[in-house]
Amino acid sequence: MKPIIIAVIGASCAGKDTLMRQLYWELSCGDMIDRFPDVYYVVSSTTRPPRKGERNNEDYHFLTDAEFQYNIDEGHMLEWTEFRGWKYGTDKKSICLKDGAINIGVFNLQGIRSLLLHDDFTLIPIYLDVNWRERLKRSINREDHLTLEMIRRLVTDFKDFRDVDNVLAAAPNSLYYKGDYDIEDVLEDILGKIK
């Protein structure tokens, strides 16, 4: 069986990290540990500075511009994009391409477009579609007050995700969840895609 990349995507505060952690735990530590012995957590790289509480090599690999550019130039990046002057991407070393390995990570829509160009793994994009009011509420709860950055992110998300249906249509294994989801349903849907 080809290696698998479960790519969680969604706008800001859609619950991507929460779902990624739930899936990682369920597949690597839960009842399915015997069925899937090789489950990996994908840590992306970025040139942006860490946010409050973020840890290097756990939340992101925080790189300098020169380090990130070196990885691009040397062909080490599986996918990458630039957003607001910061680079984001996935180093090939962050993915296990061993047969049967399951890699779980958060990606942006451009990352999904790039991953669709590869055929050496099975891609399962999971799109979390949460309405803007709920995402803004979550964002305010996270920061304890409304900021201009939150509004900017909402506007940017509207632009960034206007083509999401076309991208998901190009990914035959994609899964779509509007609003809340049940982790057991998500696992069952993923298992249906893995076969």
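The values are calculated or read from the model by the stated rules, or taken from the named source; none is laboratory data. Note that the coordinates shown come from a computational prediction; the quantities given were computed from them, not determined experimentally. Ideal geometry is used to build each Cβ from the backbone, glycine not excepted, and the neighbour counts take in all protein chains shown. Just the protein is used for accessible areas: all its heavy atoms, side chains included, with ligands, DNA and RNA removed. Shrake-Rupley method; radii C 1.70, N 1.55, O 1.52, S 1.80 Å.
Which condition from (1) within 21 Å of Thr156 (Cα to Cα); (2) in contact (Cβ under 8 Å) with a residue 12 or more places away in the chain is the one that Leu78 breaks?
It fails just one condition, (1).
Scan region 131-154 and report the pairs whose first residue is at negative phi and whose second residue is of a type in the set (Ser, Thr, Tyr) and outside any helix (DSSP H, G or I), with Cβ atoms within less than 6 Å and a gap of 6+ or a chain change.
Arg153/Ser12
Can you name every residue in region 91-118 that is open to solvent by 70 Å² or more (accessible area, probe 1.4 Å) and closer than 24 Å to Pro37 by Cβ?
Answer for region 91-118, where residues must be open to solvent by 70 Å² or more (accessible area, probe 1.4 Å) and closer than 24 Å to Pro37 by Cβ: Lys92, Lys93, Leu97, Lys98, Asp99.
Tally time: how many residues in region 60-90 are open to solvent by less than 50 Å² (accessible area, probe 1.4 Å), part of a helix (DSSP H, G or I) and among the aliphatic types (A, V, I, L, M)?
Counting residues in region 60-90 that are open to solvent by less than 50 Å² (accessible area, probe 1.4 Å), part of a helix (DSSP H, G or I) and among the aliphatic types (A, V, I, L, M) gives 1.
State the number of residues belonging to region 171-187 that are out of contact with any helix residue (DSSP H, G or I) (no Cβ under 8 Å at 6 or more places or on another chain) and at pLDDT 90 or above.
Of the residues in region 171-187, 3 are out of contact with any helix residue (DSSP H, G or I) (no Cβ under 8 Å at 6 or more places or on another chain) and at pLDDT 90 or above.
Of the residues in region 12-59, how many are touching a helix residue (DSSP H, G or I) at 6+ places or on another chain (Cβ under 9 Å) and either of a type in the set (Lys, Arg) or in a strand (DSSP E or B) (or both)?
Final tally of qualifying residues: 6.
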